[in-house]
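In what follows, a single structure is set out as structure tokens and then discussed.
The values are calculated or read from the model by the stated rules, or taken from the named source; none is laboratory data. Keep in mind that what you see is a predicted model, and the values were worked out from it rather than measured. Positions of Cβ are generated from backbone atoms using ideal geometry, with glycine treated the same way; all protein chains shown enter the neighbour counts.
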Amino acid sequence: MKVHVLGSAAGGGFPQWNCNCPNCHACRQGDPRFTARTQSSITISADTQNWVLLNASPDILQQIRSFPRLQPARSLRDTAIRAVLLMDAQIDHTTGLYMLREHRQPLELWCHPLVRDDLVSGNPLFKVLGHYCGIDWRELRLDVSGFEIASAPGLHFTALPLISNAPPYSPHRDRPQPGDNVGLTVLEPATGKRLFYAPGLGLMEAPVWAAMQAADCVLVDGTLWTDDEMITLGASKKTSRSMGHLPQTGPGGMIEWLDQLPAGIRKVLIHINNTNPILNADSTQRRELTERGIEVAYDGMEIDL
Ligand code: MLT
Ligand code: MN
Ligand code: ZN
């Protein structure tokens, strides 16, 4: 299976348009230690012809341009994106759908009913797109038997509920319900290879940990280095955990978990916030990850499983 990272940054991207934190400033100045990143999305395929888009970021048009496989040019209007699957209803994962409004048929969109609710009411994407291509909604179920996406053959998907957070326009903000956020195992039955993907992971519960241990590669929440990173910087009053993101460091942080994974599992952080010191390729924090065998996703990264 081919995994292509379209966007590796958290909401806001890197550099963020209104941010002058040391990272954003240095990146804007062309400091070679920093690489710009677009917002959170990956795409995946078993046959390299039919792709599933996991999350639709506001940067989607730029992301599609940067990955020509998504435009095979077989007819006047064409795309290799066969379906879109959403992990949550957050802006960074959904507003790219507006940019796909010229689709020639209703967009095949897989998401949990709670995510759909938020995209009918709080952020009325279903209604707005109803005036354009429309949405062919497919219910993303949380049952352990999983599901297949017929338009993108050769992959089997299993979604599991995660504790993270619902968007501010959701009635579940700060009291997330099972289904508001999901993690995804993608299995390619032909090879037996498994990817675990969770760009927003706020608490390591037993089923999540089991899914990570069963994977060949984990592509997981790398939003913030410390729980109070945004507060210390004066950028926000919120901790990482309150936003639904496990910080990398501290007791019970992501590094502690990744260190316990069996050898041989590829470990990659994604959904990196612009304030995170790991964005500096020369930082001690980045070196610490490298020493532990933890990679940092970048736009255009390819993972072959
Ligand atoms: C998050 O992951 O916490 C959100 O996407 C942040 C945002 O986009 O505003
Ligand atoms: Mn996000
Ligand atoms: Zn910044």
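Looking for whichever is farther than 30 Å from residue 235 by Cα, among the β-branched types (Val, Ile, Thr) and surrounded by 23 or more Cβ atoms within 10 Å (Cβ to Cβ) here; the options are 64, 44, 60. Which one fits?
44 is the lone residue from the list that is farther than 30 Å from residue 235 by Cα, among the β-branched types (Val, Ile, Thr) and surrounded by 23 or more Cβ atoms within 10 Å (Cβ to Cβ).
So which residues in segment 266-282 are more than 14 Å from ligand 2 (Cβ to nearest atom) and either touching a Phe, Trp or Tyr at 6+ places or on another chain (Cβ under 9 Å) or free of Cβ contacts under 8 Å to residues at least 24 places away in the same chain (or both)?
277, 278, 279, 280, 281
When segment 286-305 is examined, which residues are found to be buried (at least 17 other Cβ atoms within 10 Å of the Cβ) and either within 16 Å of ligand 2 (Cβ to nearest atom) or farther than 17 Å from residue 32 by Cα (or both)?
Correct list: 289, 294, 295, 297, 299, 301, 303, 305.
Please verify whether segment 104-124 includes one or more residues that are farther than 18 Å from residue 159 by Cβ, within 16 Å of ligand 2 (Cβ to nearest atom) and among the aliphatic types (A, V, I, L, M).
No, every residue in segment 104-124 fails to be farther than 18 Å from residue 159 by Cβ, within 16 Å of ligand 2 (Cβ to nearest atom) and among the aliphatic types (A, V, I, L, M).
Need at least 1 residues that are under 25 Å from residue 165 (Cβ atoms) and of a type outside the set (A, V, I, L, M, F, W, C) per element, so show me which strands (runs of 3 or more DSSP E) inside segment 1-92 make the cut, counting only ones lying wholly within it.
By residue number, 2-7, 41-45.
Name, by its number, the condition in (1) closer than 25 Å to residue 229 by Cα; (2) under 18 Å from the mean Cα position of the chain (by Cα); (3) within 16 Å of ligand 2 (Cβ to nearest atom) that does not hold for residue 94.
If we test residue 94 against (1) closer than 25 Å to residue 229 by Cα; (2) under 18 Å from the mean Cα position of the chain (by Cα); (3) within 16 Å of ligand 2 (Cβ to nearest atom), just (1) comes out false.
I'm checking my understanding of the structure. Among residues of segment 152-163 that are touching a strand residue (DSSP E or B) at 6+ places or on another chain (Cβ under 8 Å) and buried (at least 18 other Cβ atoms within 10 Å of the Cβ), which one is farthest from residue 137 (Cα to Cα)?
Looking at the filtered set, the residue picked out is 162.
When residue 52 is evaluated against the numbered criteria (1) within 14 Å of ligand 2 (Cβ to nearest atom); (2) buried (at least 22 other Cβ atoms within 10 Å of the Cβ); (3) of a type outside the set (S, T, N, Q), which criterion, by number, is the only one it fails?
(1)
List pairs: first residue in segment 236-262 and surrounded by 15 or more Cβ atoms within 10 Å (Cβ to Cβ), second residue modelled with pLDDT under 95 and among the hydroxyl-bearing types (Ser, Thr, Tyr) anywhere in the structure, Cβ distance under 8 angstrom, at least six positions apart or on different chains.
Listed pairs, sorted by first residue: 244/164; 245/164.
Quick check, is residue 39 under 15 Å from residue 298 (Cα atoms), surrounded by 24 or more Cβ atoms within 10 Å (Cβ to Cβ) and either within 14 Å of ligand 2 (Cβ to nearest atom) or charged (D, E, K, R) (or both)?
Answer is yes for this residue.
With the checklist (1) within 19 Å of residue 269 (Cα to Cα); (2) buried (at least 22 other Cβ atoms within 10 Å of the Cβ) in hand, flag the one item residue 214 doesn't pass.
(2)
Here is a yes/no grid of residues against (1) within 16 Å of ligand 1 (Cβ to nearest atom); (2) under 20 Å from residue 85 (Cβ atoms):
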residue: 174; (1), (2): yes, no
residue: 180; (1), (2): yes, yes
residue: 185; (1), (2): no, yes
residue: 195; (1), (2): no, yes
residue: 199; (1), (2): yes, yes
residue: 205; (1), (2): no, no
residue: 216; (1), (2): no, yes
residue: 220; (1), (2): yes, yes
residue: 225; (1), (2): yes, no
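I'd like to know if segment 51-70 contains one or more residues that are over 30 Å from residue 178 (Cβ atoms), within 16 Å of ligand 3 (Cβ to nearest atom), of a type in the set (Ser, Thr, Tyr) and in contact (Cβ under 8 Å) with a residue 12 or more places away in the chain.
Looking for residues that are over 30 Å from residue 178 (Cβ atoms), within 16 Å of ligand 3 (Cβ to nearest atom), of a type in the set (Ser, Thr, Tyr) and in contact (Cβ under 8 Å) with a residue 12 or more places away in the chain, one finds none in segment 51-70, hence no.
Suppose we filter segment 97-151 for residues that are under 14 Å from residue 180 (Cα atoms), among the small types (Gly, Ala, Ser) and surrounded by fewer than 13 Cβ atoms within 10 Å (Cβ to Cβ); how many remain?
0
For segment 62-90, how many residues are farther than 23 Å from residue 115 by Cα and either among the polar types (S, T, N, Q) or within 16 Å of ligand 2 (Cβ to nearest atom) (or both)?
If we filter segment 62-90 for residues that are farther than 23 Å from residue 115 by Cα, which is where we start, we get 62-80.
Okay, now just the ones that are also either among the polar types (S, T, N, Q) or within 16 Å of ligand 2 (Cβ to nearest atom) (or both), so 62-63, 66, 71, 75, 79.
Matching residues across segment 62-90 total 6.
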